[in-house]
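**Student:** Okay, here's the structure, questions in a sec.
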Amino acid sequence: MSALTHLQLLEAESIHIIREVMAEMERPVMLYSAGKDSAVMLHLARKAAYPSSPPFPLLHVDTGWKFREMYEHRDRAAAQGGMELIVHRNPDAVERNIDPFVHGSSLHTMLWKTEGLKQALSAHRFDSAFGGARRDEEASRAKERIFSFRSSSHAWDPKNQRPELWRLFNTRISPGESVRVFPLSNWTELDVWQYIEAEEIEVVPLYFAAARPTVERDGQLFVIDDDRFPLAKGERPVERRVRFRTLGCYPLTAAIESDATTVAEVVDEMRRSPSSERSGRLIDRDEAASMERKKRQGYF
Amino acid sequence: MTSLLRLIACGSVDDGKSTLIGRLLHDCGGIYDDQLSGLVAASRRFGTQGGEVDLALLGDALEAEREQGITIDVAYRFFATPARKFILADAPGHEQYTRNMVTGASTADLAVVLVDAGKGILTQTRRHSYLAKLLGIGRVVLAVNKMDLVGWDRARFEEIAGEYRSFAEGIGIPQVTAIPLSALTGANVASKSDLADWYHGPALIEYLEQVDISQNAAGPGLFRMPVQWVSRPNVDFRGYAGTVVSGTVRPGDQVIVLPAETPAEIERIVTMDGELAEAVSGQSVTLTFTRPVECARGSVLSSAVDLPQKGDQFEAVLHWMASEDLLPGRQYLLKLATQTVAAVVQTPKYEINVDTLEHLACKTLGLNAIGVANIWADGPIIFEPYDASRDLGGFILIDRLSNATVAAGMINHALRRSINVHEQILEVTPESRAALKGQRPKLLWFTGLSGAGKSTIANIVERKLNARGRHTFLLDGDNLRRGLNKDLGFTDADRIENIRRAAETACLMMDAGLIVLTAFISPFRAERQMVREMVAEGDFVEIFVDTPLADAEARDVKGLYKKARAGELQNFTGLDSSYETPEVPQIRIDTMRTAAEEAADIIIAYLERL
């Protein structure tokens, strides 16, 4: 169609999607996790609204178990964008002191993330929520629409999705229903990194290699981010040069050994890497088709 | 500089489409190790390749699909070479195929049509090609697969390619590139194979990397930008945000703001990266004007030389995507670019058989059907024929109640305003009147002995329907006999005429969109059957108000039984004139057990289930 590069076309498509929400939805919100996809999505939202500020707040559904650097980055990024930041922690999970080490990843994710998200969306009566998920991340994402409708109980029905043609999005919902919007649907992990490099977007330093205290569990490396990490008897943290491909709750996110300290080196490493990004995400592997099930229950 | 190509792969599982997609992803690094090992595990559980890795399962991502061995939905796959990134729409087979393929093709620049070298061109091949063409794809790669199974036979390849080319030319696909390959072995997929030394064209990936897609649209086109959002950060700035869908725009350009057709001059092209000297098709930008001009979401900015069309009536190809049939006359919402209006679809002119391309007469369109119909919007919209612009010629229809996307449409051309008045009058159909009232007309036919309680129950039902916002009319036998039917007595012939007139009146009222309730003894089966046949199937609801004669006579609210027993009334139903009990009424109300209010609720509940 034009001489635009693939990044320019992806950017334009995402801005178009964000603007459709800005124009047609009454109470949008942008989910923000402080990860690289969130960083790119926030950057695109600022571009979509420029010279205005994005006319919606950021929502961080917090678990209390993110890496410390993520919290610092989150507060800085929200301030830079001139945007309101809503932080929600499921009071039920707070009260029960839900801990992934003690209660396991399933309950941890269900209470902090799935339930927490539903609570926050309902409490603020948001009718639309942007998420940074990409179709290349996970199999059930490949079949999810850019505008993904949720019932009043936030459930996803994969068999009853609205067809999406051209650049046309049917944004209409009934009272109580909501829509999750994925502006990065057609981006790959490589696109995200190339865009971060081209646009000089600041991301959490955890994505770059550094010497960090680690322990090995089931063949995967975990970084000890604070003193809540229970060490086995005789277990000692070992300093390794590691970085993260994906960031979530630190007890559930595995690091990889790496020497990549710049975006260019990260991109180069990724091109040679034979593993997918989500292989470091423990919650995806609890059981077969676990993401699809979580989404039907209301997970992002 | 990496460019972007969007493509769709068409073909059935047997043609090796899934294997080809798996091959493309694999050879371009689109499958990661852990995904492959997940696939190995899935192949053991669900695979059809006897424990071998079943690349088809890459497409069947959802648990529900794997269990049922079907594919529900179009999936998007990504792969890349150093020169180009590819977004591939994978629209698998089965009954939902048309809908999936139309969806996937709507954004594709190019279609890869797979053919099994052993089987040649099939009906499916033609269907896929036609759908691709319909959605505006002018470039097809004919991938003649499984060449290894025919010994890389050049004559066979050329026979298939030749047959396809003449078919493609016939349906208006100008550019066909045929490539002999084997998805299974990878020959001629990523790189050229020695096995076909007679083939001098590119391997599939080589072709996809190099094909010039800038020629795909109808030229670069004139400047068009539908306005998405008005940016007003402060009182001094007013910018119009949108995606340029064709042409280019520069500061200083004279443009026209539609629909008002107001001239305006572009002052600046504003982006977060600084002001641009030019914006091109595909870019999302914010434009400002040199002076204030009325412009809002839904406006279209156009070059001043040749404007898009403005109108409220046009002919379009419709692809129906909902399980509920199209209702001609019903109001749907039509969304085209950033414009949303209410619109009514007229009775389709014809349906297209996508296998034979024959035109079939039809009254509606069902799931997956493709047809041509006129559409009347309730206000003017700015559009272009789909051939000229996907963005200004493609639209969706949305059901106003369910909010579902029920159809995709592609505008052929505007209708002349000179449509004669006669036709317009005819076009206000019973369906459109009913659609205005938001209801489906029904005839609730209460039958039973005099004094059974027909009028009482019918009155309550009408009251309840009114409370639900329904438009109704109750035709009462006694009341009708005071006017329209006052010349009629109680002989069998007069009773039949009484019912005929009542039924004709009821039908007129149904045509007006009403839910009609009638309370007539209507003692004869034949007449009730006549009435049933006068209205559309399913719209006649026979309600038998069943009261034993003794009980009706005991009540005798109107004193009629007493008069009849006294010989003052002749031909009284139940006494000296028969009442033929309905054999299979839709609803039977036993008045000995059911109070009138409760009976009304039963009837309402029945209606709500319809």
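The values are calculated or read from the model by the stated rules, or taken from the named source; none is laboratory data. If you're wondering where the values come from, they're calculated on a predicted model, not measured in any experiment. Glycine gets a Cβ as well: all are built from the backbone with ideal geometry, and neighbour counts include every protein chain shown. For the accessible areas, the whole protein counts, side chains as well, though only heavy atoms, and no ligand, DNA or RNA atoms are used. Shrake-Rupley method; radii C 1.70, N 1.55, O 1.52, S 1.80 Å.
**Student:** Determine which lysines satisfy two conditions relative to B:Lys563: a Cα distance under 30 Å, and not lying fewer than 8 residues away in the same chain.
**Tutor:** B:Lys454, B:Lys486
**Student:** Sorted by average packing, counted as other Cβ atoms within 10 angstrom per residue and highest first, what order do B:171-178, B:347-354, A:245-252 take?
**Tutor:** Descending mean neighbour count gives A:245-252, B:347-354, B:171-178.
**Student:** Cα centroids of the range A:153-171 and the range B:440-519: how far apart, whole angstrom?
**Tutor:** 45
**Student:** Shifting gears a bit: For the residue pair B:Arg555 and A:Glu257, what label-to-label distance in nm results when each label sits 7 Å from Cα along the Cα-to-beta-carbon direction?
**Tutor:** Result: 9.1 nm between the two label points.
**Student:** Could you work out how far helix B:454-467 tilts from the main Cα principal axis of chain B, as a 0 to 90 degree angle to the nearest 10?
**Tutor:** Once rounded, the angle reads 40 degrees.
**Student:** Continuing with this model, one more query. Mind listing the phi-derived Karplus ³J(HN,Hα) values for the range B:433-449, rounded to whole Hz, using 6.51, -1.76 and 1.60 with θ = phi - 60°, and x for any glycine or proline?
**Tutor:** 5, 5, 4, 4, 7, x, 8, 9, x, 9, 10, 9, 9, 8, 10, x, 5
**Student:** Anything losing 40 Å² or more of accessible area from the isolated chain to the full protein assembly: pick those residues out of the range B:310-340, probe 1.4 Å, ligands and DNA/RNA ignored.
**Tutor:** Buried on complex formation: B:Lys335.
**Student:** Indicate, rounded to the nearest 5 percent, the antiparallel portion of the DSSP beta bridges found entirely in the protein assembly as shown.
**Tutor:** Expressed as a percentage, antiparallel bridges in the protein assembly as shown total about 60.
**Student:** What number, rounded to the nearest 500 deg cm²/dmol, is the helix-based mean residue ellipticity at 222 nm of chain B, given -39500 (n - 2.57) per DSSP H run of at least four residues and division by all its residues?
**Tutor:** Estimated from H runs of four or more residues: -8500 deg cm²/dmol.
**Student:** Once each part is reduced to its C-alpha centroid, what is the distance from the range B:544-575 to the range A:191-241 in angstrom?
**Tutor:** 92
**Student:** Another question, then. Using a probe radius of 1.4 Å on protein heavy atoms only, what is the accessible area buried between chains A and B, both sides summed, to the nearest 100 Å²?
**Tutor:** 6000
**Student:** Let me ask something else about it. If we count every other residue with Cβ under 14 angstrom of A:Ala3's Cβ, Lys/Arg +1 and Asp/Glu -1, where does the sum land?
**Tutor:** -1
**Student:** Next question, about the same structure. Under 5 Å between amide H atoms, partner at least 5 residues away or on a different chain: which partners does A:Ser33 have, H built in plane at 1.01 Å?
**Tutor:** Distant-sequence amide H within range of A:Ser33: A:Ser38.
**Student:** OK, next. Show which aspartates and glutamates lie in cross-link reach of B:Lys558 when reach means a straight Cα distance below 20 angstrom and same-chain residues fewer than eight apart are skipped.
**Tutor:** B:Asp476, B:Asp478, B:Asp546, B:Glu568, B:Asp576
**Student:** Same structure again: For B:Ala155 and B:Ala342, compute 0.36 nm times the residue count separating them, minus their Cα-Cα distance, and round to one decimal in nm.
**Tutor:** My answer for the length gained is 61.8 nm.
**Student:** With a Förster radius of 60 Å, plug the Cβ-Cβ distance of B:Gln175 and A:Val87 into 1/(1 + (r/R0)^6) and report the FRET value to the nearest 0.05.
**Tutor:** My answer for the efficiency is 0.65.
**Student:** Follow-up question, since we're still on this one. Within straight cross-link reach of B:Lys192, meaning Cα distance under 24 Å, which lysines are found once same-chain residues fewer than 8 apart are removed?
**Tutor:** Answer for B:Lys192, where 24 Å is the Cα cut-off: B:Lys17, B:Lys85, B:Lys119, B:Lys146, listed by chain and number.
**Student:** For the range B:171-183, in order, what is each residue's ³J(HN,Hα) by Karplus, 6.51 cos²θ - 1.76 cosθ + 1.60 with θ = phi - 60°, in whole Hz (x at glycine and Pro)?
**Tutor:** Per-residue couplings from phi come out as 9, x, 9, x, 10, 10, 10, 9, 10, x, 7, 9, 5 Hz.
**Student:** If you plug each phi of the range A:109-121 into the Karplus form 6.51 cos²θ - 1.76 cosθ + 1.60 with θ = phi - 60°, what whole-Hz ³J(HN,Hα) values come out, in order, with x for Gly and Pro?
**Tutor:** 5, 4, 7, 5, 8, 5, 5, x, 4, 4, 4, 5, 5
**Student:** Also, quick follow-up: Measure nothing but the geometry: give the 0 to 90° angle between the long axis through the Cα atoms of B:123-134 and the longest principal axis through the Cα atoms of chain B, rounded to 10°.
**Tutor:** Taking the Cα atoms of chain B, the angle to B:123-134 is about 90 degrees.
**Student:** Follow-up. Averaged over peptide B:579-591, how many Cβ atoms belonging to another chain are found within 10 Å of each residue's Cβ?
**Tutor:** 0
**Student:** I would also like to ask the following. Keeping all protein chains in place and using 1.4 angstrom, which order do B:Lys85, B:Lys363, B:Lys192, B:Lys558 fall into by accessible surface area, from largest down?
**Tutor:** The ordering from most to least exposed comes out as B:Lys363, B:Lys558, B:Lys192, B:Lys85.
**Student:** Then there's this: Of B:His359, A:His16, which has the most accessible area and how do the rest follow, probe 1.4 Å?
**Tutor:** The ranking, largest first, comes out as B:His359, A:His16.
**Student:** Which whole number gives the average, over all residues in B:84-91, of C-beta atoms from other chains lying within 10 Å of the residue C-beta?
**Tutor:** Counting other chains' Cβ atoms within 10 Å and averaging over B:84-91 gives 3.
**Student:** Moving to a separate point now. For a quick protection proxy, order the peptides B:180-191, B:101-112 by their average other-Cβ count within 10 Å, most packed first.
**Tutor:** Packing order, densest peptide first, comes out as B:101-112, B:180-191.
**Student:** Mind jotting down the distance between the C-alpha centroids of the range B:282-296 and the range B:389-405, whole Å?
**Tutor:** Going from one Cα centre to the other spans 25 Å.
**Student:** Any chance you could give the angle, 0 to 90 degrees and rounded to 10, that helix B:492-511 forms with the longest Cα principal axis of chain B?
**Tutor:** In chain B, helix B:492-511 runs at an angle near 30 degrees to the longest axis.
**Student:** Would you tell me the mean number of C-beta atoms belonging to other protein chains that fall within 10 Å of each C-beta in A:46-55, as a whole number?
**Tutor:** If you average over the peptide's residues, the count of other-chain Cβ atoms is 5.
**Student:** Here's another thing I want to ask about it. Skipping prolines and chain starts, which residues have an amide H placed within reach, meaning under 5 Å, of the one on B:Leu474, given they are 5 or more residues away or on another chain?
**Tutor:** Distant-sequence amide H within range of B:Leu474: B:Leu517.
**Student:** Still on this structure, I have one more. How do the peptides A:195-206, B:535-546 rank, highest first, by the average count of neighbouring beta carbon atoms within 10 Å per residue?
**Tutor:** B:535-546, A:195-206
**Student:** Just add up the charged neighbours of B:Asp539: K/R +1, D/E -1, any other residue whose Cβ is under 10 Å from the Cβ of B:Asp539.
**Tutor:** Counting the neighbours of B:Asp539, the net charge comes to +2.
**Student:** Of A:Ile15, A:Pro251, A:Gln161, which is farthest on the positive side of the dipole of chain A, counting Cα position, with +1 on Lys and Arg Cβ, -1 on Asp and Glu Cβ, and the Cα centre as origin?
**Tutor:** Value: A:Gln161.
**Student:** Please give the length that would be gained between B:Phe473 and B:Ala304 if that part of the chain were fully extended, namely 0.36 nm times their separation in residues minus their C-alpha to C-alpha distance (nm, one decimal).
**Tutor:** Value of the extension gain: 55.3 nm.
**Student:** May I pose another question? Keeping all protein chains in place, calculate the accessible area per residue for the protein assembly as shown (probe 1.4 angstrom), answer in Å².
**Tutor:** Per-residue accessible area for the protein assembly as shown comes out at 41 Å².
**Student:** Follow-up question, since we're still on this one. Once you place label points 7 Å from the Cα toward the Cβ at B:Asn234 and A:Ala155, how far apart are they in nm?
**Tutor:** 5.0
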